[in-house]
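Values in this text are rule-based calculations from the coordinates and carry no lab data. Predicted model, so just to flag it, every value in this text is computed and none were measured. Heads up, the Cβs are rebuilt from the backbone with ideal geometry, glycines too, and the neighbour counts pull from every protein chain shown.
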């Protein structure tokens, strides 16, 4: 092969784009940061959720609407909790002044958010399920398991908590129970009353779920389509 042919066969260093020129030639940066490729805003978390496709009933729509409204309202407690924590930390480390009432109100706000959030998560079927078998079962099998779980475990447990929470709250009201810490909060019956409220809402969530399970298994209550709701 002649020298001219060899030169034409070899790639010229001047014609091969490298570095930024190569990336510009391809129209994109192949070395984009992992953060840009895995933007949390671009992740659809619903595709990881596995919810039973249960029909709705009039009872479930009524109870679920109440639970969602209460949950949306009480969700603001987390904003208040963060604000209280920031104020407490600022006072302690900037002004060297710790306040026990700020410590206690943090526990109370967390308790309120947790107790009310139980029914909110149960209604949305977003509560944690530690179950290795449930997802591989048929819908009717899942419904039968939920039926017995609600009737034999959930509702009896809720009934016991509600029954025993009444004297728990009334005793705090009658005795004027308050924190034993100096400068602590009083009126403990208020925070204790959220125990009853949270589990009462759980009863509504359980009955709503029970009506949907019975609608699937037995056809009663009559299933209806949720207005304006997409398939779960």
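Observations on the model:
- Segment 117-158 shape via C-alpha gyration tensor axes, a/c threshold 1.5: oblate
- Extents of segment 62-198, largest first, come to 60, 36, 29 Å (Cα atoms, principal axes, whole angstrom).
- As a ratio to 2.2 N^0.38 Å, the alpha-carbon radius of gyration for segment 138-232 is 1.55.
- Among 135, 125, sorting on how many other beta-carbon atoms sit within 10 Å of each Cβ, with the fewest leading, yields 135, 125.
- When both segment 112-179 and segment 55-70 are represented by their alpha-carbon centers, they are found 17 Å apart.
- Residue separation of residue 111 and residue 166 scaled by 0.36 nm, minus their Cα-Cα distance, works out to 18.0 nm of gained length.
- The mean of 1/r over all distinct Cα pairs in segment 108-179, once inverted, gives the Kirkwood hydrodynamic radius of 15.2 Å.
- This ranking places 161, 128 by how few other beta-carbon atoms lie within 10 Å of each, fewest first, which gives 128, 161.
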